[in-house]
Amino acid sequence: MAQSDVQSVPSLGPPLRLDAETKTRQEWVYRQLRESLLTGQFVPGRSVTLRGIADMLGVSLTPVREALRRLVAERALVAHGNRRVSVPRMTRVKLADLCATRAHLETFAAERAMPAIDAARLAHLWSLDAAVDQAIEDGDVTAYLQRHRAFHFAFYDSGPASAVMPLIESLWLQFSPFLRLAIGHIGTDYIVDRHAEALRAVAGQDAQSLRFAIEADVREGLGSLTEADWQRLEAAD
């Protein structure tokens, strides 16, 4: 695939506010790019220039360079020698590894969170899942990616997740661009929502059913792409 030019920089969506939580311009740029990766605004394998990103965000090269350095360290991006970066192309082996690692870490985080999910938190998670279902019904891929992530992260953050969440977030950064690409070519029909099963397991304090639901939620999406699916995605690359 030919490298993109400055005009090929993806639409980064509505900018995040520069507020008390984003004390530096570099942090703001990092959060903006991170959100764009998590919603699949960068296409795997297609490179963009640092200048193009800086122009899109209305900032100098310095905060862009530093933010991208962090994202490269998190394995969300790869740097090229000509001031370009790109999301790594997904392979079948890499996808299987990401799914297996996500399943391991996220079942662990969910099980640890379960005792801390009281009635109010459970109701909030049900509302988040309803929003996920609405996004699927509407065919709104960006909303689906945002709400699906919000559900999982709110779930895991209910428990003692300070050590495991950075690892989970790093995996989602690597996973989300390909998820967006796959949904765009395959559609949403293959999406199986296991969130309701997970929440019923929490209500019943059933750790085994919770682990099954979370692992199935991870594996039954992109982890179960068929040979025909892969051929269609590779042909579109």
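The values are calculated or read from the model by the stated rules, or taken from the named source; none is laboratory data. Owing to the predicted nature of the structure, the values given are computational and were not obtained by experimental measurement. Note that we place each Cβ from the backbone using ideal geometry, even for glycine, and neighbour counts take in every protein chain shown. Quick note on the areas: whole protein, heavy atoms, side chains included, nothing else; ligands and nucleic acids left out. Shrake-Rupley method; radii C 1.70, N 1.55, O 1.52, S 1.80 Å.
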Which one is modelled with the lowest pLDDT among residues in the stretch 178-223 that are open to solvent by less than 30 Å² (accessible area, probe 1.4 Å) and of a type in the set (Val, Ile, Thr)?
-> Ile183
Within the stretch 3-48, of all residues that are within 22 Å of Ala150 (Cβ to Cβ) and among the small types (Gly, Ala, Ser), the one modelled with the lowest pLDDT is Ala20
